[in-house]
Each structure stands twice: as C-alpha cells, then as structure tokens.
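Structure record follows, encoded as structure tokens.
Values in this text are rule-based calculations from the coordinates and carry no lab data. Given the structure is predicted, the values throughout are model-derived calculations rather than measurements. Cβ atoms come from the backbone with ideal geometry, glycine included; neighbour counts cover every protein chain shown.
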C-alpha cells in the first residue's frame, strides 16, 4: 500500500499542515509564487514525507492558493490574462514532461543548474528595478517566448514541486520589462492549470497525499490575500530586495539538497 495511506492523521500532522499552509500562502501572495519552495522542504523535514510525495502534495495545494492570489491581484488590475494563458499552455505540457522525468532522473545536476539560475536572478534584481506602470507588451515574438518559458517552467514544476513563480516572476520583470505586480499576478494565474496538470500526473503515480494537500491549501488561502495586499504597499525596490532575500533562501536550500545528492551518489 502507498505511504499516503499509512500516514497517521493526528494533531501534529494537522497542525503542521495548517502552519505550513499559512506561511506558504503569505509568501505566495507577496511574491507571486505557489509556495512549493516552503511546502516541500517542511513536509520532508517535519512530517518525513518522501521527496516525490512532498513535491506532488505541494502541487495539489498550490491550486487553491494560486486561485485566491489571482483574485487578489486582479482586483488591482495586475494580471495579464492572455500572456498568462500562453505561459500556462506551455507549462501544462512541461509539467507532464517533468512528472514523467521525475522517477527517471537524478536531480543533482538539475538542482545545481537551478542554483546558478537563481544566483543570476538575485544579482539582476539589484540592477533592474521594475516600474509599476510597465505592462506586458504582447507580440508574435513575445508570445512564442512566453510559451517557451512556460514549457521550461512546467518541467521544473513537475520535477521539483514548485508552481513556477520563482522562474516566471523574475523572467517577466527582467526579460519582458513587466511591472513587479503584473509579473506576480500573471505568474499566479499561469500556475493554476500548470499545478492541475502536474497533480493529475502525480495522482496516477501515487505521488500525492490529498489529505495533506487539502489542509495546506485551505490554510494557505487564508493568508494569500494578505500577502498580495502587502505587495501593493511596498516600493518596487524594496519588493526586489525582499524577493532577492527569498531567492537566497531557496538557492541555499537547493544547493544543500544537491550537495547531499552528490554525496549519496
């Protein structure tokens, strides 16, 4: 029987899932991310989830979290709907590729590459400060580029259990010249079909704990709007610095996993 069935639903399990959800929801709204970079390591560390089960559970929890985040940003007109659909179209395909690759790949090289990407983004955030008035201009070329970004994001989503915001938000700001708020709102909208697609693939492979996902997702919904509201109040430069600090934590976390993976191999 799968590990999901044997896991006890005691008070510790419930409180941990709720606490993880509250933190993930706040960060999701503040940074336009799904919260998987919080959910996955905490489920592994505190509840001893298998890495693949934690990744699949995280994707399932991201669905309601991202939906609330989109509504919060849409109220302020900070969602680029058509670009989000183009990103999502590529990401849905990429998520299926990622979940198919998950049991077949050693993730050590992928993680080190991702750390390198995050370091480059962190440096760029100190140089490029987005304008709150900047929009996402849509042309044939940018449309194709958005689909390509979506595919790459979807693959990472399926492989390491993140909704893709830590890729999409900086790419939209740095390469497409989008405002930070539009980048975050658009990222959250793109995540919904991506996470649904990845969850379907993970369910087939028994890589989702639906009970934990429901607890985390519902708890996250209660703080996502708060995070989105705070994002509208902070200065774009301050927002960049907060996002850079968040990415530093993620880069260190991913680097430690890659180092452990290399030693174990």
Relative contact order, percent, the stretch 8-264 [alpha-carbon distance under 8 Å, six or more residues apart]: 40
Given the convex hull of the Cα atoms of the stretch 1-72, what is a quarter of its surface area in nm²? 4.7
Quick one: angle between helix 140-160 and the longest Cα principal axis of the chain, in degrees between 0 and 90, rounded to 10, please. 20
Rounded to the nearest angstrom and ordered from largest down, what semi-axes does the equivalent ellipsoid of the stretch 20-61 get from its C-alpha gyration tensor (root of 5λ)? 18, 10, 7
Please list, in order, the residues from the stretch 213-237 whose amide nitrogen is less than 18 Å from a point placed 7 Å along the Cα→Cβ vector of residue 45. 216
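Any idea what % of Cα-Cα pairs in the stretch 1-153 are farther than 21 Å?
Here the tail beyond 21 Å accounts for 58 percent of pairs.
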Using Cα atoms only, what is the angle between the long axis of helix 180-204 and the major principal axis of the chain, expressed in degrees (0 to 90) to the nearest 10? 30
Among 186, 37, what is the fewest-to-most ranking by other Cβ atoms within 10 Å? 37, 186
So what's the gap between the Cα centers of the stretch 218-246 and the stretch 1-72, to the nearest angstrom? 18
If I fit a long axis through the Cα atoms of helix 51-75 and take the longest principal axis of the Cα atoms of the chain, what angle between them do I get, 0 to 90°, rounded to 10? 30
Could you quote the convex hull projected area for the stretch 106-240, Cα atoms only and averaged over all directions, in nm²? 9.4
Any chance you could get the radius of gyration and Dmax over the Cα atoms of the stretch 8-264, in Å? 16.7, 53
Rank-order 46-54, 192-200 by packing density, defined as the average count of other C-beta atoms within 10 Å over each peptide's residues, highest first. 192-200, 46-54
Please compute the volume of the convex hull spanned by the alpha-carbon atoms of the stretch 120-181 and report it per residue in Å³. 83
Cα-only radius of gyration and Dmax that characterise the stretch 38-113, units Å: 15.4, 42
